[in-house]
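Take a look at the structure set out below.
The values are calculated or read from the model by the stated rules, or taken from the named source; none is laboratory data. Values in this document were obtained by computation on a predicted structure and should not be read as measured data. Note: ideal-geometry Cβ built from the backbone for every residue, glycine included; neighbour counts use all protein chains shown. Accessible surface is based on the protein model in full, side chains and every heavy atom, while ligands, DNA and RNA are left aside. Shrake-Rupley method; radii C 1.70, N 1.55, O 1.52, S 1.80 Å.
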Amino acid sequence: AKSGKRQWVSYNLADPGPTAAVVDQDELAFDTYSCSLAVLTASTGKVLWQKWTGTETPTQPAFTKDFVLAPHPTDGGYALSAYKRKTGADVWAASIDGHGMTAPVVVGDMVYLTTTSGTLYKINLEGKRQWAQHINALSAPWIDGDEVHIAVKDKGQEAQVVLSAVDGKKLRTVSAAKYLGDQPGDDTVAIWSYEGSRPVVKDGLRFTAMGERVEARDAKTGELRWERTHTVGTGSRKVTSVITAGPLAVVTSRDGHVVAEAELVLHPGR
């Protein structure tokens, strides 16, 4: 990380086209675009195990203490499956209604997963569904205590809404923007490249990037703290989803810029 010097390279993979990798402790996991889930030792690149999980698997997996969780196609449907992280042994599979969107989100002993059919699932780490909400979801969720923040299609717009983590019912709408029509559906190439406008909540602020607008709002009241627009670049989404780093909210733009904003700076109307 400090020098950029290559530490290892692994060619012993089942097939090409990995998703983004996820790292936990000294293990690294990714789904290949074609069909397989692979787990490597992060420090050496040694392949611990890899297995075929279904046809095209364009969504990255997630780690828990004991498992690797991966959404994938099955015979006649789709599932979110748990595998032993050390061996790849099957543990459980929970039925879902489409490809996963972006990645499963693990919080405590629960996993939340959005599908490309627009459904948000809450499943416990024993594989039992807690609830499913068919809400035209357009992003992976962000969990903030007992609230779930997510982007959805609502009344012809792309809206940022908040759900109850207890039962998945809608609590409030935060903001809305033009619907961009880029929800990936069943096109696995589109799923693999789709990012959407997943919200981020940190220190009581809710950050979102929708289309060409980045904004920060109070996570509870929805009060606007600041906003920015960026209209240059290719595609309908001019900026990527927000990440936070220390005191900064960071996005990259489609015309090649990295932009960082101090989280608490207030510039109304800009």
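Structure summary
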item	result
Gyration tensor verdict on the range 108-243 (Cα atoms; rounded if a/c is under 1.5, prolate if a/b is larger than b/c, oblate otherwise)	oblate
Flagged links, alpha-carbon separation over 32 Å, of LYS46/LYS238; LYS128/LYS220; LYS122/LYS178; LYS2/LYS65; LYS153/LYS202	LYS46/LYS238
The range 184-266: Cα Rg divided by the 2.2 N^0.38 Å rule of thumb	1.13
Net charge over other residues, Cβ less than 9 angstrom from the Cβ of THR234 (K, R count +1; D, E count -1)	+1
Nitroxide proxy distance, nm - points 7 Å out along Cα→Cβ at ALA89 and LYS155	5.3
Helix-only mean residue ellipticity at 222 nm for the chain, each DSSP H run of n ≥ 4 adding -39500 (n - 2.57), per residue, nearest 500	-500 deg cm²/dmol
Whole-Å distance, taken between Cα centres, linking the range 103-148 and the range 154-227	15
Under Karplus coefficients 6.51, -1.76 and 1.60, residue-wise ³J(HN,Hα) of the range 55-60 in Hz, glycine/proline x	5, 2, 10, x, 10, 5
In nm, spacing of pseudo-spin labels at VAL250 and ALA1 (7 Å Cα→C-beta vector)	1.1
Gyration tensor (alpha-carbon) shape descriptor, the range 63-123, a/c threshold 1.5	oblate
Residues with amide H under 5 Å from that of LEU48, placed H, sequence gap 5 or more	VAL39, LEU40, THR41
Convex hull projection area averaged over all views, the range 1-43, Cα basis, nm²	3.3
Inter-probe distance in nm under a simple model that places probes 7 Å from Cα toward Cβ, at ALA190 and LEU224	3.0
Per-residue SASA entry for GLU215, accessible area with 1.4 Å probe, Å² rounded to 10	0
Other-chain or far-sequence residues with amide H under 5 Å of CYS35's (modelled H)	THR57
Inverse of mean 1/r across different Cα pairs in the range 137-212, Kirkwood, Å	12.9
Relative contact order %, the range 32-94, counting alpha carbon pairs below 8 Å whose residues are six or more apart	24
Efficiency of FRET between THR234 and ALA262 - r from beta-carbon atoms, R0 30 angstrom, step 0.05	0.60
